[in-house]
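*Asks:* First, the structure itself, so that you have it in front of you.
The values are calculated or read from the model by the stated rules, or taken from the named source; none is laboratory data. Model, not experiment: these values are computed from the prediction. Backbone-built Cβ (ideal geometry, glycine too); neighbour counts: all protein chains shown. Note: areas computed on protein heavy atoms with side chains; ligands, DNA, RNA excluded. Shrake-Rupley method; radii C 1.70, N 1.55, O 1.52, S 1.80 Å.
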Amino acid sequence: MTDGIATIRYLTTASFGFGASQLIGEALAECGIRRPLIVTDPGVRATGIADQVVSALPASQEMTWFDRSPPNPTEAAVREATEAFHAGGCDGIVTIGGGSSIDLGKGVALLATHEGPLLRYAAVESGMDRISARVIRTIAVPTTAGTGSEVGRAAMINVDGRKLDFISPHLFPARALCDPGLTLGLPPYLTAATGMDALTHCIETYLSPLVNPPAEAIALDGVERAARWIEEATNDGNNRKARWNMMMASMEGALTFQKGLGAVHAMAHPLGALDELPLHHGTLNAVLLPAVLRYNEPAATEKYDQLRRVTGLATGDDLATWVAQLNGRIGLPDGLAAMGVPSEVLPDIAEYAEHDPATETNPRPATRADYEHMLQASWSD
């Protein structure tokens, strides 16, 4: 019998703490990278954060910049950055930014050594086995505490109007430099949105029915940290302890991704692919989470008791209400309508959600009709 066998992977070496980004030279040498492609976005470049990171390198260090990562990485951007990688004679990648830049860097690491199109490597196309160890080595330096992509095996990339998962153990960054100091200047709204992204990751992976006790323990620790510190980080962006704990919660959420996500992400993925609405992934997760918590509770009552314990709630308190009230306190929208999502797209979003890979690991089976109900509740919640 092999039905109970679980696969457990923790492969990225992470340096964590204030000043960790200054270890970039050591990380490049360890990975054998002589000429990196630096992948970042215009905002991170404009604030000087990306240049601050690379300033730790010697003046003679050769590098090529790609600082045009869009808010939601697209196949077109991956191809453009891959051209820059080849034109610069690069042999490795350094990503500096939030999840979008890190995921775009993973896309470049894949496409630089694998024949396109990108779609053939997507999870929905059963492309995981097509991704080989030839993927370019990547060093990830996160500047937000949200996705945790710096230690994750997945990348989310918009391909032909769909937000698709690319999943492979070969997509783990070789090194992660997690420096909470890089998040000290993050604005309150972005702190709140990325923080709720981290909290949602920890909750959804904990509730996933797959067998992985180490991941569940890590996820619960991440829930406890995020619940304790997200308001402090949002209200006082210079609170070093809050920033440290939120970046740790973010990393912990991604460490547990291998256990699977759930209905929140199944809906957030197609919503995030709407061309006319560049919706922030973390904000979507925050807005969708209350309805999903209400839907899933009958299938995971014991785990809900554990979630109440680590969030400081009393027995019988409603987790969904707690999340909705937390969203309000940290300044996030109270529903999809407030984010500009038109109600007429909800049936199509429900159809996409039913077939999203994240649905497979939701603790309670969800049909298109169930998703329509959750979306309607989230639209006006």
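*Asks:* Do you know which residues across region 143-179 are in contact with a Pro (Cβ under 9 Å, 6 or more places away or on another chain) and within 13 Å of Phe257 (Cβ to Cβ)?
*Replies:* The answer is Gly148, Ser149, Glu150, Val151, Gly152, Arg153, Ala155, Met156, Asp165, Ile167.
*Asks:* Name, by its number, the condition in (1) over 17 Å from Gln376 (Cα atoms); (2) assigned to a helix (DSSP H, G or I); (3) at pLDDT below 95 that does not hold for Arg308.
*Replies:* (3)
*Asks:* Here is a further query. Which residues, taken from region 86-125, are without any contact (Cβ under 8 Å) to a residue 24 or more places away in the chain and over 15 Å from Val159 (Cβ atoms)?
*Replies:* Ala87, Thr113, Glu115
*Asks:* Might you check whether a residue that is in a loop (DSSP other than H, G, I, E, B), modelled with pLDDT under 95 and not charged (D, E, K, R) occurs anywhere in region 364-371?
*Replies:* Within region 364-371, not a single residue is in a loop (DSSP other than H, G, I, E, B), modelled with pLDDT under 95 and not charged (D, E, K, R).
*Asks:* Output the residues belonging to region 103-142 that are out of contact with any Pro (no Cβ under 7 Å at 6 or more places or on another chain), surrounded by 17 or more Cβ atoms within 10 Å (Cβ to Cβ) and part of a helix (DSSP H, G or I).
*Replies:* Hits for region 103-142 are Gly105, Lys106, Val108, Ala109, Leu110, Leu111, Leu118, Tyr121, Met128.
*Asks:* Please find, among Glu252, Glu231, the residue that is more than 16 Å from Phe16 (Cα to Cα), open to solvent by 10 Å² or more (accessible area, probe 1.4 Å) and among the charged types (D, E, K, R).
*Replies:* Glu231
*Asks:* List the number of the failed condition for Ser100; all other conditions in (1) on the phi > 0 side of the Ramachandran plot; (2) buried (at least 21 other Cβ atoms within 10 Å of the Cβ); (3) of a type outside the set (Asp, Glu) hold.
*Replies:* Status for Ser100: all satisfied but (1).
*Asks:* Does region 310-323 contain any residue that is in contact with a helix residue (DSSP H, G or I) (Cβ under 7 Å, 6 or more places away or on another chain), among the polar types (S, T, N, Q), more than 20 Å from Asn362 (Cβ to Cβ) and free of Cβ contacts under 8 Å to residues at least 24 places away in the same chain?
*Replies:* Yes: one or more hits.
*Asks:* Quick one: count up the residues across region 350-366 that are under 16 Å from His269 (Cα atoms), out of contact with any strand residue (DSSP E or B) (no Cβ under 7 Å at 6 or more places or on another chain) and open to solvent by 30 Å² or more (accessible area, probe 1.4 Å).
*Replies:* Total meeting the criteria: 5.
*Asks:* Quick check on Pro347: is it assigned to a helix (DSSP H, G or I), closer than 21 Å to His373 by Cα and open to solvent by 20 Å² or more (accessible area, probe 1.4 Å)?
*Replies:* yes
*Asks:* Does region 199-208 include one or more residues that are assigned to a loop (DSSP other than H, G, I, E, B) and surrounded by fewer than 24 Cβ atoms within 10 Å (Cβ to Cβ)?
*Replies:* Checking region 199-208: not a single residue is assigned to a loop (DSSP other than H, G, I, E, B) and surrounded by fewer than 24 Cβ atoms within 10 Å (Cβ to Cβ).
*Asks:* What number of residues within region 311-340 satisfy the criterion of being open to solvent by 20 Å² or more (accessible area, probe 1.4 Å), in a loop (DSSP other than H, G, I, E, B) and not acidic (Asp, Glu)? Before the answer, list the steps.
*Replies:* Of all residues in region 311-340, those open to solvent by 20 Å² or more (accessible area, probe 1.4 Å) come to 311-318, 321-322, 324-325, 328-329, 331, 333-334, 337-340.
Within this subset, residues satisfying the condition of being in a loop (DSSP other than H, G, I, E, B) are 312-318, 331, 333-334, 340.
Okay, now just the ones that are also not acidic (Asp, Glu), so 312-316, 331, 333, 340.
Qualifying residue count, region 311-340: 8.
*Asks:* Separate question: Just checking, which of Ala46, Ala76 is open to solvent by 40 Å² or more (accessible area, probe 1.4 Å), more than 22 Å from Arg134 (Cα to Cα), under 23 Å from the mean Cα position of the chain (by Cα) and hydrophobic (A, V, I, L, M, F, W, C)?
*Replies:* Every option except Ala46 fails the conditions.
*Asks:* Specify the residue that is most open to solvent (accessible area, probe 1.4 Å); the eligible residues are those in region 158-178 that are part of a strand (DSSP E or B) and modelled with pLDDT under 90.
*Replies:* Arg162
*Asks:* Can you tell me which residues in region 241-297 are modelled with pLDDT under 95, over 19 Å from Glu224 (Cα atoms) and either over 16 Å from the mean Cα position of the chain (by Cα) or not in a helix (DSSP H, G or I) (or both)?
*Replies:* Gly260, Ala273, Leu274, Asp275, Glu276, Leu277, Pro278, Leu279, His280
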